[in-house]
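Working notes, beginning with the structure itself.
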Amino acid sequence: MSDWFKRAVVYQVYPKSFQDGNGDGMGDLRGVISRLDYIRQLGADVIWLNPIYEHSGVDGGYDIRDYRRIAPEFGTMEDFEELLERAHERGIRIIMDLVVNHTSTEHVWFQESRRDKTNDKRHFYVWREGFEGGEPNRLRSVFSGSAWKRDEATGEYYLHMFADDQADLNWHEPRVREGVYEMMRWWLDKGIDGFRMDVINMVGKPENVLLSDGGPGGDVCNGPTEHEYLREMNHKVLSRYDIMTVGETGGVTTADALRYASLDGSELDMVFQFEHMGVDDEIGPDGALTKWSTARLDLVKLKRILARWQNDLHGKAWNSLYWSNHDQPRVVSRFGCDADEASRVRSAKMLGACLHMMQGTPYIYQGEELGMTNYPFAAIEESRDVEAINAYGELVLERGTFSPEHMMACIRRKGRDNARTPMQWTAGRNAGFTTGTPWMAVNPNFERINAEAQASDPDSVLSFYKRLIALRRELPVVTDGDFALLMEDDAQVFAYIRNDGKTRLKAVCNFSGEEAALEGEAVSCGERLLGNYPDEGDADRLRAWECRIELERA
Ligand code: GLC
Ligand code: CA
């Protein structure tokens, strides 16, 4: 069993917004090929590619019509093979998004399944009779409204945990699992280096939340057969290749992760947990916890969550480390400060330092390494994202829970489109993303924030990220050391020590725009490796958004 995943640094590419290669306004595979050297210079050695398969255009490629074809706007299979080859030449591996909790309703399996109740593929999806003339039960879709949709052909309802064009596969049907495994082997045999598995802890859905009884439904995640299916997948597919895997697993606890991501290699290499993404959720006016909030970060909560993940998994399972991805707002706007240029640069570096010195495999979402910010969405018409559009429809138009102004403030803070604006390469036209009309507006701050300007600036966020990645490569303690949280109850400072018995590495970060006092072991002592101010400052206090990385050798 190989463990290169422990030393990997992953760069996430959202192809539609990364680099347009042919001027049609959408990013594509030729565009990614043209930017491989940028990723290599950053120091990342794995690319996670968001879905590039043929899809129905509903949910950013997560609504797949054909798993074995490349969507025409991204290019051809030849382009993909060339990308893989060029990446491998540069020592960069590529992992693909595996979206197998659901398919598009345009997928041939669903087309057959919906035809009639006795169809050979009927049980490939989750079909239920209605309850008293309505939906089978009150289970809700992640994208608002009921998770059930009535289908004309048979009058039965199918399950869709996301948009109604995304029908959930029935993993309890062995032929579904075999079909998925066969498709996975097909990609792995092409030479790809692993998978990021979309909402993979939803596949073992408990039967009792799917009853046609008019009941409340319930949690579909981490069901009773989940581990059995992943072990089967591991045995039949994953263990036969030298690859890395990461499961997207909402609602997992560290106890769950000890099984999903155990170092015994029986399931996955690591998971994306979401506890730390919930620190700025809020109880809405209807009494339910919602991501649609404008709440600020509760640092004490964030520290406790991340420290628990560090400590509970140490030596037993493996962590992923991330602040952002295509589903999250820009972290500098969320947990840092983008109000002025000095704060933006400092807080973006501080956030990078805080995350990258922890134990686990770090993921950098495109543009995070530049400190790219949220977008100033003024009206819902500017949103492209089905999640935000549906939520606006439900919370503002249907129920009146939120005023339009409040909902737009929430979308500006938390909406997924913040992460999906085009990558800012240069100060030139359309930020160098396309020569045509970009599919989504470029953030107006591209003249100030772009890769070209930062590449030549030793004090840029980009240069700082390069240093962070290089430090990880130079110091084994970053990969192997244990973790001890300092100043646990402090609401400004996030400080911790990593220790592998030979080296003690300390990261001390100020998550506020005010000065912060340091106490106990957090006070600066050892050798300063990296910081985000030009001088060392006082040993016992941090300036606004300051971070320090220090080393003590035994
Ligand atoms: C995951 C993806 C997200 C998508 C959803 C449904 O959460 O990251 O982008 O909308 O699954 O596939
Ligand atoms: Ca294009």
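No lab work stands behind these numbers, since they all come straight from the coordinates. Source: prediction; values computed, not measured. Here the Cβ positions follow ideal geometry from the backbone for every residue, glycine too, while neighbour counts run over all protein chains shown.
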Value at 222 nm in deg cm²/dmol, rounded to 500, when DSSP H runs of n ≥ 4 in the chain each add -39,500 (n - 2.57): -7500 deg cm²/dmol
Of all beta bridges DSSP finds with both residues in the chain, what is the antiparallel percent, to the nearest 5? 65 percent
Backbone N within the stretch 17-35 under 20 Å of label point (7 Å from Asp66 Cα along the Cβ vector): 28-30
For the stretch 186-312, give the share of DSSP beta bridges that are antiparallel, in percent and rounded to the nearest 5; count only bridges with both residues there. 20 percent
In vacuum, with every alpha carbon of the stretch 116-172 counted as one equal point scatterer, what does the Debye formula give for log10 I(q)/I(0) at q = 0.12, 0.22, 0.24 Å⁻¹? Two decimals, please. -0.25, -0.83, -0.98
Convex hull volume of the stretch 283-394 per residue (C-alpha atoms, cubic angstrom): 142 Å³
Taking 0.36 nm per intervening residue step and subtracting the Cα-Cα distance, what contour gain separates Ala539 from Asp116 on full extension? 145.0 nm
Counting other C-beta atoms within 10 Å, and keeping those with at most 14, which DSSP coil GluC sites (Glu not before Pro) do you find in the stretch 452-535? Glu488, Glu514, Glu515, Glu519
Can you compute the modelled spin-label distance between Glu85 and Ala342, with each label point 7 Å from Cα toward Cβ, in nm? 5.2 nm
Take the residue pairs Lys291/Lys349; Lys121/Lys149; Lys16/Lys190; Lys149/Lys205; Lys303/Lys506; Lys301/Lys414 and return only those whose Cα atoms are more than 20 Å apart. Lys291/Lys349; Lys16/Lys190
For Asp298 and Asn311, compute 0.36 nm times the residue count separating them, minus their Cα-Cα distance, and round to one decimal in nm. 2.7 nm
About its Cα centre, how strong a charge dipole does the chain have in debye, to the nearest 20, once Lys and Arg get +1 and Asp and Glu get -1 at the Cβ? 760 debye
Compactness of the stretch 40-99, expressed as Rg and Dmax over alpha-carbon positions, Å: 12.4, 35
Could you check the spin-label model distance between Ser266 and Glu152? Points 7 Å from the Cα along Cα→Cβ, value in nm. 4.9 nm
Between beta-carbons, use under 12 Å as the cut-off and find the net charge around Ala378, counting Lys and Arg +1, Asp and Glu -1. -2
Cα Rg, Dmax, the chain, angstrom units: 23.2, 75
Log entry: pair-distance distribution for the stretch 180-227, C-alpha pairs binned every 10 Å from zero, whole % per bin is 23, 34, 25, 14, 4
The stretch 356-395 - charge dipole about Cα centre, Lys and Arg +1 at Cβ, Asp and Glu -1, debye rounded to 20: 120 debye
Excluding residues on the same chain fewer than 8 positions from Lys502, give the lysines whose Cα lies under 24 Å from its Cα. Lys6, Lys316
Could you tell me how far the Cα centroid of the stretch 464-515 sits from the Cα centroid of the stretch 168-193, in Å? 39 Å
Total charge of the residues flanking Met408 in space, meaning their Cβ is under 13 Å from its Cβ, with Lys and Arg +1 and Asp and Glu -1, is -1
